[in-house]
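Structure record follows, encoded as structure tokens.
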Ligand SMILES: [Fe+2]
């Protein structure tokens, strides 16, 4: 089982989750341009089963259609964000749902706060792909039309319950490193250190 982090555009991260045994992959957040992800797929000789969007924003979803034309993946997103994705999706996701790529298990965690239908992906209990919910050292914006301070605070409280040894793979390169353990972030990230909603809202 492999998860590859692929920088696309200025600071977006796409992710390829793949099984070399099954020759199957999922592409998480193609971004504005999926050229580098497509190059990796063909280098590895993988079939693309799914495109999974962590949320509806265009910097994560704009290349869905161009990838769909080359491969025939199912495009998936949470049911609350799916209607806002240009080009639409093939199927919607719900909290707790499990997807499989060969032997790999991907669990969907609904994490509203940045958008109403934002999701994180827990891959084989080892990796947590957090989209724009959790960055290294910060969380996603809550001041956009779909954002909510209260929902983000509750979402972060839920993520804090997950094991410390998970690797956090964020949706943007905004931090001082491209990824980190959740345990380190619980000790270092101002948004995870806030223990009340009031404290969270006071973070600049
Ligand atoms: Fe976003």
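Criterion first (in contact with a strand residue (DSSP E or B) (Cβ under 7 Å, 6 or more places away or on another chain), assigned to a loop (DSSP other than H, G, I, E, B) and surrounded by 14 or more Cβ atoms within 10 Å (Cβ to Cβ)) does residue 162 satisfy it? In short, yes. The lone criterion from (1) assigned to a loop (DSSP other than H, G, I, E, B); (2) out of contact with any helix residue (DSSP H, G or I) (no Cβ under 6 Å at 6 or more places or on another chain); (3) within 14 Å of the ligand (Cβ to nearest atom) left unmet by residue 120 is number (1).
The set of residues in the stretch 123-148 that are within 11 Å of the ligand (Cβ to nearest atom) and touching a strand residue (DSSP E or B) at 6+ places or on another chain (Cβ under 8 Å) comprises 131, 132, 133, 135, 140. Screening residue 146 with (1) touching a helix residue (DSSP H, G or I) at 6+ places or on another chain (Cβ under 9 Å); (2) farther than 26 Å from residue 16 by Cα; (3) part of a helix (DSSP H, G or I) gives one miss only, at (3). Do we have residue 55 as within 15 Å of the ligand (Cβ to nearest atom) and in a helix (DSSP H, G or I) here? The answer is no for residue 55.
Each row is one residue, and each column tells you yes or no for (1) within 19 Å of residue 32 (Cβ to Cβ); (2) in contact with a helix residue (DSSP H, G or I) (Cβ under 6 Å, 6 or more places away or on another chain).
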position	(1), (2)
69	yes, no
78	no, no
83	no, no
87	yes, yes
92	no, yes
96	no, no
104	no, no
107	no, no
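When we screen 156, 187 for residues that are farther than 21 Å from residue 5 by Cβ, without any contact (Cβ under 8 Å) to a residue 12 or more places away in the chain and not in a loop (DSSP other than H, G, I, E, B), the only hit is 187. Here is a check on your reading of the model: is residue 40 at pLDDT below 95 and either within 16 Å of the ligand (Cβ to nearest atom) or not in a strand (DSSP E or B) (or both)? Considered against the rule, which asks whether it is at pLDDT below 95 and either within 16 Å of the ligand (Cβ to nearest atom) or not in a strand (DSSP E or B) (or both), residue 40 comes out as no.
The values are calculated or read from the model by the stated rules, or taken from the named source; none is laboratory data. Computed from a prediction, not measured in an experiment: that's the story for all the values here. Positions of Cβ are backbone-derived with ideal geometry, glycine not excepted, and every protein chain shown enters the neighbour counts.
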